[in-house]
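The values are calculated or read from the model by the stated rules, or taken from the named source; none is laboratory data. Just so it is clear, the model here is predicted, and its values are computed rather than measured. Positions of Cβ are generated from backbone atoms using ideal geometry, with glycine treated the same way; all protein chains shown enter the neighbour counts. When the accessible area is computed, the model is the full protein with side chains, heavy atoms only, and any ligands, DNA or RNA have been set aside. Shrake-Rupley method; radii C 1.70, N 1.55, O 1.52, S 1.80 Å.
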Amino acid sequence: MPSDVTHHPATSFSYQDATLIWEARGTGDTTFVLVHGIGMGRTVFTGLAELLAEHGRVIAMDLPGYGEAPEPGRTPTVERLADIVAAFLRAEGIPNPVLIGHSMGTQVIVEVAARHPDISTRLVLLGPTVEIGQRRFGTQLRKLARDLIDESPKVLLTGAREYLRAGPHLRRKLRAMLVHRPELAYPHVPGDVLVLRGEADTVAPREWCEYVVSALPSARLEEVPGSGHETMIKNPDPAAELILKWLAND
């Protein structure tokens, strides 16, 4: 990370009975807010955050019960997680963020946009989940396993560490992700959306991503060649380049 990019230590934000952890780096007119996927935390975005921090302020968070954030009293639904993120954005005075979600994080930010239209936002959906007709534990685990077969040790170690940190309630969190129906929210997303997938992503196949784009009022699809579901961990440079190019042309 460049030495002149400001990096603030992590702090907490509580809303009703849940707490998230967040940290910021960089400065600028654009604020990028990074929302991780199931079993993950803000550290999976380190490389992407460093690249984007050269072009604006970047906020990465641990959702309640993930990373360093404490486990809430009850496992939040995806809609509940979206309300918590929206409350955070209002509390921090971030009226026009670029929300970037990975995997389950795409479901969360879609609900932020659909449920809280007063928060004017643009969305980046990295490997959106969960494909219609594939919302079963075994199906998703097999898809993820196939995706990880050829992944680098960096991806495998990062993922394993974060899944362990997600704690004993991971199955309940996965259930909350699988019962959510993002297709009901897609038509109600008011802003522009970039759908971004790795070319070899088995968790977010191209046909599903094309459906997601068609269901959104204003969206486009881009692919990262030779990458899978964890493209922003393995090599964040292509994803950052595509995101910045999309914003420049928006």
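Quick notes on this one:
- The stretch between residue 242 and residue 8, if pulled fully straight at 0.36 nm per residue, gains 81.6 nm over its current Cα-Cα span.
- Extending 7 Å from Cα along the Cβ direction at residue 120 and again at residue 181 yields two label points whose distance is 3.2 nm.
- Gap separating the Cα centres of the range 1-71 and the range 178-244, nearest whole Å: 20 Å
- Counting charges near residue 34 (Lys, Arg +1; Asp, Glu -1) among other residues having Cβ under 13 Å from its Cβ returns a value of 0.
- Nearest-0.05 FRET efficiency for residue 16 and residue 207, computed from C-beta distance (R0 35 Å): 0.35
- Summed side-chain charge close to residue 210 - residues other than residue 210 whose Cβ falls under 15 Å, Lys, Arg +1, Asp, Glu -1: -4
- Taking the protein heavy atoms of the range 1-74 in the context of the full set of protein chains, the accessible area attributed to carbon and sulfur is 44 percent at 1.4 Å.
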